[in-house]
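Structure record follows, encoded as structure tokens.
Each value in this text was obtained by applying a stated rule to the coordinates, not by laboratory testing. Not measured: the values here are computed from a predicted model. Neighbour counts are summed over all protein chains in view; Cβ atoms, including those assigned to glycine, are modelled from backbone coordinates with ideal geometry.
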Amino acid sequence: MKYVLSLIVVVPSLWLACQGSNSPQSNAEIASAQPSLESSAALSDGAQDKTQEQEKPQPGLTSNQALMRDKLKHMSQILSGLTMDNFDQVAESGLTLAMISRATSWHIPEPTPKYQRLSKNFQEQAKDLERHALEKNIEAATLDLVRMNISCTECHQHMREHLGIGK
């Protein structure tokens, strides 16, 4: 359970990092972005309505941006699934993330060796997450999610540096 609670702190911070925000944020701003356990329950209750709204195509998104948005959605579903002991949801989102990661790699015109390593690590971590969710091993699945978040952050930082974005 302590791992799940730590994810409530880690995921919003990583979400902000994935958004490309380079500005330092105050603790109050980070805290306001963090979901509470009550909002996690509310999220699962209204998840279908919100999922249908989010799946509508958004004009101006590149295919890579759409894939990244979908990755964020599934990472959030994993956190929700872990919090609510919904291991089927966790396993399904882990499998989907591995597939999205493979699809995303097709959109990188000149993948660097570091990008390839990070992408492969993420895919392996997603498979581990799926396996641990099927085993109903919440501690291992939670650690897999943390490892995946770290891989996401490292990859996004690498791509910003490699492409010269945000400098």
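Here are the numbers for the structure shown:
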| quantity | calculated |
| --- | --- |
| Nitroxide proxy distance, nm - points 7 Å out along Cα→Cβ at M99 and Q116 | 2.6 |
| Karplus (6.51, -1.76, 1.60) ³J(HN,Hα), θ = phi - 60°, over the range 93-104, in Hz, Gly and Pro reported as x | 5, x, 4, 4, 5, 4, 5, 4, 4, 5, 5, 5 |
| FRET efficiency, R131 to R69 (Cβ-Cβ, R0 25 Å, nearest 0.05) | 0.45 |
